[in-house]
Structures are given as C-alpha cells and as structure tokens.
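For reference, the structure discussed in these notes is given below.
The values are calculated or read from the model by the stated rules, or taken from the named source; none is laboratory data. Computed from a predicted model, the values in this text were never measured in an experiment. A quick note on method: Cβ atoms are made from the backbone with ideal geometry, for glycine too, and the neighbour counts reach across all protein chains shown. What goes into the accessible areas is simple: the full protein's heavy atoms, side chains included, and nothing from ligands, DNA or RNA. Shrake-Rupley method; radii C 1.70, N 1.55, O 1.52, S 1.80 Å.
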Amino acid sequence: MLHRMFAICGLMLLALTAAAADGELIFKDRLARRLIEQVPAVLASFDPATGRFGEGLFVVNDQNVIFALAVAYTLERPDNPHYRDKALLEVIMAGGDALIEVMDEQGRWRFDKKDGSYWEMIHMPWTYSRWIRAFGLIREDMPPERRERWERALKLGYDGISRSLTERIQNIPAHHAMGLYIAGQLFDRPDWCASARDYMGLVVADQREQGYWSEHGGPVVGYNFVFVDALGVYLAASGHERVRPALARAAEFHDFASYPDGIELESLDERNWYRSRIHPGNVGFTFSPRGRAWLAAQWARLGEERLSPDTLASLVLYGEEGPIADAGEEPLRMLVEEGRPRALTLSRGPWFIALSAYTSPPRPNRWIQDRQNLASVWHERAGLISGGGNTKLQPGWSTFSVGDITALTHVKGDQNPSFEPSGELYHIPERAEIGADGEAAWLTASYGPVRCRLRIEPEEDGRLVYRVSAIGETELPVYARLTLPPRHGARLATGGGFEGRLGDEPFQLDATRLGGWLEYGGATVDPETTRMIHELVLEVDRLERRRDEGTARLTLP
C-alpha cells in the first residue's frame, strides 16, 4: 500500500466552487456582495439606545460585528448602498462607544458568556482585534471628539496587551499580537509593532513540523484555526513573508485532519470532542495553494451563503486570491513526526478510518483531555459511527482500559475533582504505534502490564471488521471498546428486542438485552467471538500470558 504524508484522499474531494474550477480561487467580488447583503440582518440586532448588538444577555463579543460593518462601510461598489453611509457610521461608532462604557480602568471587560457564567476580567482578544480594525477603517470619517475618545480607550487596552505578551505560545496571545501590530501601525508605536513581530516569530518557531501547534502533547485541531487566522491577518497587515510557510504547513495539516465531509478529526484533538460542524476556515488559508483548495472544498460543502459577516469581511479585506493545489488520491495518509507515524487515515470504498498514536500523561487541568479515544470510524452515508474524541474523568470512553474504571469518576457538582484514579487503572496508553498492512489499519498500545491491539479492515462487501486483542499478565480486568458517539434522539435497537431513542435519561443494556447485535447511528454492530456488556463494550477476559481476540463487524443496512 503506497502512502504519501499529505495526499488528499479521493473521498475528500467534492465539487469545488465555480471560481475554483479552473485551478484558481477567485472570491473577493462574490463574497463582498454576500457581505453587503448581510448588513441588514446585523443591523436588526442593534439597540440604538445602548449601542449594543445581539440578543439575550449582553457580552462584549456581541460588539465584534462592528468590524464587518466597517468593511461594508468602506466598500466602494455600485451595488453597495452602505458605502460611506452616515447612518451606518453612527451605528459603528455607537458600537465602539458601548465598549468604552463597560471597560474598567485597565481597559478590560467582564468575560461573560451567554449561559450566564462569569469567568474573569480580560482584555478580550476577539473584541479588541475587531475594534482596532474597525477604527482603522473609519477613523478618517469620525468626528474629532469621538475619534479621540476611541483612541484613548484603544491605547489604554493595547498598552495592557503589550505588557501581557510573554514567550509562552498560546492561541489568545497570538491573536493579541496580531491586533497589537495593527494598533502599532495606527498609533505610530513601533515598539508595539516590534513586540508583535517578535511574538509572531516565536509562534512560527513553535509550530510543529507537521503544521500544528500544541498545548501539551499533540495537536489541538480546533485551536489551530485561531493561530491560522491570527497569522493570516498579520501577514496581510505587515507583509512579513516569513510567516507564509507556517500558513502553508497549517493548511496541509488541516487538509489531513478532516473527514471526507469536512468535519474536523476529533481523535487528534486534546481539547475538543467531535462536533458535527463544517468549519468555514479563515483568511490564513488563502495564503497557500493547498489552503485555497481546502477553503474551496469547505465552502462547497458548507455553502457560501452560510459564511458569517465576520468571515466574509476578513476574506474581502485581507484574503489572497490565486491558484489552488492539485489534489492527490492516495487512500492511506500518514502524519509522521521524527520518523514515527503519529496519525493515519485510511479510506476504502465508503469507509474512512482515523487512528491516533499521540500519547500524553494525564494533566491536572480540566481543559486538557485524556488522550484515550484513539480510533474513529466514518461512513459516507452514516457519518461518524465510532469515535467521538477525548474526554476527562470517563475511563469508560477509552479505546482500551486495564483495571477498575470506577477508580476514576466525577461527582456531579464537584468543581475541583482529582484527575488521578483512586486505584490501579490504566486508561491512557503510555505508548502507541500505528501502521497499515494490506487493506487494514492497526494500532498497538501499552496499558500498564498489558499490550493491546486494534485492527480495522473495510471489506469488499461493504462491511468493516473491527478486531481487538490483548496480551499480558495481570489479574486486572481488560476492556476494549467500540465507542458509539451519543446522538440525542438517535434510534437504538438490539437483537434482544430493545428499541428506543437516546434521551436525557441514562439506561443500561446487559448482554441478554443486547442479544448479539445492535443497530445505531445508521450501522449494525454484529459482535463475533466476544460478548457485549451494558457499556457497549467489547470485553476481553482476565489475561495470563495468553492472547484473547474479539471481533465486531459494522454493516450499513
């Protein structure tokens, strides 16, 4: 089986937009029209009495739309009724005034969320970067007193932001650095520009060889988009070409870390679980041929009419049109670091398999998930069948575990739980290896005294074989799991006569009620040589220097 590190599998390709059909992605004129069309909907949420946007509980991120409105305000086009419109200018200025009204003496805002939770006082990066960019677009048209008031407030905020940049690389400071560079340009602060430029240099240097940024051990796929966006806007604003190769590498990574339907690969992500959304990308993807190809495919899946005003504004203002990369059609792709395969995807017929060999010890941090769910199985009709991503305090969600899973649980309402098991339990592998042989992908992983193995093979008859085995010497229980992502309202039926839908109430099915097979998520799971227990687990009995093997077949009806 041939493989290439970043070939695009054939299943991933959809019809691209018409603008990309001839080998180029030309989008600015088309997306400018879409932005103009969305202005009335944005204005519909504006309250002239307060200058605030949005619905429900007010949060400062509601004001982010002033950037999109400012871009629409500056688009000189025959079809743009908002160009230099005084009423729109007043709305934008009122939106910024509302931010000034709620900031503290350090230029910070309350970090409130729509669910009513309060986190802390913060220089909100997403709002500051949009506010400073909106100011750069409208400042020449602002009355002197309003302009001076905005300048004082923005300088106050960015003075604090400039002092917050350290050598620690994270997605929020990277976004701040982008805004700080623009603020330095607007306020003639070369020291701010220099700080931002130095930090972005550290961001580029911190990127892993395969195009991602890590917080602890391995990729954080969802947050990678934040780095790409920050570097993309920074490149457009600064012209510093040294960041372009990092954007190209990041585009290659995201091209790899996507299902054929454009959804992010959750099995690689140490912070975010599976979310059935198609990410529209951002301006950073426009600075490389592969990135533009990825964007074109994402927009074809999502529909350009669903791009947000903020995304449209950034693409119109900063995006780079140009050629797209030719796509490969290799079914096996590997992410190789330091000579070791760390992740792979395998497509065969309607099936798509992803395996992760990224390992990391458990972190005493609620946000860093345990790297425990190492395999994902996707089908072109059913979508994600098995997988779902990593989590915390739930060893029953691990691909394998050795020991008593009740040794690690969460008590509802406990805000300061222990993330270490109370007994002997291994639910995160110390080491994992992956590979492919013939038409199958395999993973081996070490869990304390036991070596576990998984082999997944799509068959020509449309079925998929999911085979687990383990070897070792232990008195501890050993489990292998076929994790079925929960879908609220989804139908579940079993060979034991059970039929129902997943709701808010938990339930358990023992081996009798399972009856040897189950239907869920558009697939039928038919275990062989192994028994299914109430957790929908393929159970391997106690091991004593012998090898037990279990097999399940997934069939699409």
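Subtract the Cα-Cα distance of Ala407 and Glu209 from 0.36 nm times their separation in residues, and report this length gain in nm to one decimal.
Details: separation 198, 0.36 × 198 = 71.28 nm, distance 3.75 nm.
That pair, Ala407 and Glu209, stretches by 67.5 nm at full extension.
Which log10 I(q)/I(0) values, to two decimals, does the stretch 182-303 give at q = 0.12, 0.22 Å⁻¹ under the Debye formula with one point per Cα?
Summing over Cα pairs of the stretch 182-303 leads to -0.45, -1.22.
Spelling out what I want: for every residue of the stretch 181-194, take phi, set θ = phi - 60°, compute 6.51 cos²θ - 1.76 cosθ + 1.60 (Karplus), and round to whole Hz; glycine and proline get x.
Each residue of the stretch 181-194 in turn: 4, 5, 4, x, 5, 6, 9, 6, 10, x, 5, 5, 4, 5 Hz.
Please give the per residue accessible area of the chain, computed with a probe of 1.4 Å over protein heavy atoms only, in Å².
Working: 23160 Å² over 557 residues.
In whole numbers, the chain has 42 Å² accessible per residue.
Which ³J(HN,Hα) values in Hz, rounded to whole numbers, follow from the phi angles of the stretch 281-297 under the Karplus curve 6.51 cos²θ - 1.76 cosθ + 1.60, where θ = phi - 60° and Gly and Pro get x?
x, 7, 5, x, 6, 7, 9, 8, x, 5, x, 5, 5, 5, 4, 4, 5
Taking the full set of protein chains and a 1.4 angstrom probe, give the accessible area of Tyr118 in square angstrom, rounded to the nearest 10.
100 Å²
Let me know the charge dipole size of the stretch 140-299 about its Cα centre in debye, to the nearest 20, where only the beta-carbon of Lys, Arg (+1) and Asp, Glu (-1) is charged. It would help to have the intermediate numbers written out before the result.
Values: 18 positive and 22 negative charges, 28 e Å.
Using only the charged Cβ atoms, the result is roughly 140 debye.
How large is log10 of I(q)/I(0) for the stretch 337-479 at q = 0.11 Å⁻¹ when the intensity is taken from the Debye formula with one equal scatterer per alpha-carbon?
After summing over all Cα pairs, the log10 values are -0.44.
Could you work out how much longer the chain between Gln170 and Glu148 gets when fully extended? Use 0.36 nm per residue separation minus the Cα distance between them, nm to one decimal. Can you show the working numbers first?
On the way: separation 22, 0.36 × 22 = 7.92 nm, distance 3.23 nm.
Gain in length upon complete extension: 4.7 nm.
What is the chain's relative contact order, in percent, from Cα pairs under 8 angstrom and six or more apart in sequence? Could you put the intermediate results ahead of the total?
On the way: 1185 pairs, mean separation 66.4, N = 557.
Relative contact order of the chain: 12 percent.
Going by alpha carbons, how many degrees (0 to 90, nearest 10) lie between the helix axis of 65-74 and the longest principal axis of the chain?
50 degrees
Under a 1.4 angstrom probe, counting protein chains only, how are Met178, Met121 ranked by accessible area, largest first? List each step's numbers first, then the result.
On the way: Met178 0, Met121 55 Å².
Solvent-accessible surface, decreasing: Met121, Met178.
Rounded to the nearest 0.05, what FRET efficiency is calculated for Asp326 and His216 with R0 set to 30 Å and r the Cβ-Cβ distance? Could you put the intermediate results ahead of the total?
On the way: r = 35 Å, r/R0 = 1.18.
That pair, Asp326 with His216, gives E of 0.25.
Would you kindly derive the ³J(HN,Hα) couplings of the stretch 348-363 from the backbone phi angles with the Karplus curve 6.51 cos²θ - 1.76 cosθ + 1.60 (θ = phi - 60°), listing them in order in whole Hz, with x for Gly and Pro?
8, x, x, 9, 9, 10, 10, 10, 10, 10, 6, 10, 7, x, x, 9
On the protein heavy atoms, probe 1.4 angstrom, tell me the percent of accessible surface of the stretch 219-355 carried by carbon and sulfur.
On the way: 1890 of 3840 Å².
The C+S portion of the solvent-accessible surface of the stretch 219-355 is 49 percent.
With Kirkwood's inverse mean 1/r over C-alpha pairs for Rh, give me the Rg to Rh ratio of the stretch 309-367, two decimals please.
1.16
Once you have the Cα-Cα distance between Glu430 and Glu55, take 0.36 nm times their residue separation minus that, and quote the gain in nm to one decimal. Write down the numbers at each step before the final one.
Details: separation 375, 0.36 × 375 = 135.00 nm, distance 4.70 nm.
Going from the current span to full extension adds 130.3 nm.
For the stretch 131-201, what is the Kirkwood hydrodynamic radius in Å, using each pair of distinct C-alpha atoms?
For the stretch 131-201, inverting the mean 1/r across all distinct Cα pairs yields 12.4 Å.
Do you know the relative contact order of the stretch 34-133, to the nearest whole percent, from alpha carbon pairs under 8 angstrom that are 6+ apart?
Values: 119 pairs, mean separation 29.2, N = 100.
After rounding, I find 29 percent.
For helix 86-102, what angle does its Cα long axis make with the longest principal axis of the chain, in degrees from 0 to 90 and rounded to 10?
70 degrees
About its Cα centre, what dipole magnitude does the chain give when the only charges are +1 on Lys and Arg Cβ and -1 on Asp and Glu Cβ, stated in debye to the nearest 20? Please list the in-between numbers first.
Values: 63 positive and 79 negative charges, 61 e Å.
Result for the chain is approximately 300 debye, rounded to the nearest 20.
Show me, bin by bin at 10 Å from 0, the whole-percent P(r) of the stretch 54-185 based on Cα pairs.
Here the calculated profile for the stretch 54-185 is 12, 42, 33, 11, 1.
Where the centroid of each part is defined by its Cα atoms, how far is the stretch 319-398 from the stretch 285-314 in Å?
22 Å
Please list the radius of gyration and Dmax for the chain, considering alpha-carbon atoms only, with Å as the unit.
25.6, 82
List, in the order given, every pair from Lys28/Lys113; Lys114/Lys392; Lys28/Lys155; Lys113/Lys155; Lys86/Lys155 whose Cα-Cα distance in the structure shown is over 29 Å.
On the way: Lys28/Lys113 33 Å; Lys114/Lys392 24 Å; Lys28/Lys155 32 Å; Lys113/Lys155 26 Å; Lys86/Lys155 26 Å.
Table pairs above 29 Å Cα-Cα are Lys28/Lys113; Lys28/Lys155.
Spin-label point model (7 Å from Cα, Cβ direction): what's the Arg366 to Arg513 distance in nm?
3.1 nm
Once both axes come from the Cα atoms, what is the angle between helix 125-138 and the longest principal axis of the chain, in degrees from 0 to 90, rounded to 10?
The answer is roughly 30 degrees.
Using modelled amide H (1.01 Å from N, peptide plane; none on Pro or chain starts), what sits under 5 Å from the amide H of Met124, excluding residues fewer than 5 places away?
Trp109
Can you give me the solvent accessible area of Phe507 with a 1.4 Å probe, rounded to the nearest 10 Å²?
Estimated to the nearest 10 Å², Phe507 gives 90 Å².
Label-point separation (nm) for Arg139 and Lys113, each offset 7 Å from Cα along Cα-to-Cβ?
So the two model labels end up 3.4 nm from each other.
Which percent of Cα pairs goes in each bin when the distances of the stretch 377-457 are cut into 10 angstrom slices starting at zero?
16, 38, 30, 14, 2
Starting with the highest mean, order 73-79, 377-383, 129-135, 98-104 by the number of other Cβ atoms within 10 Å, averaged over the residues of each peptide.
129-135, 377-383, 98-104, 73-79
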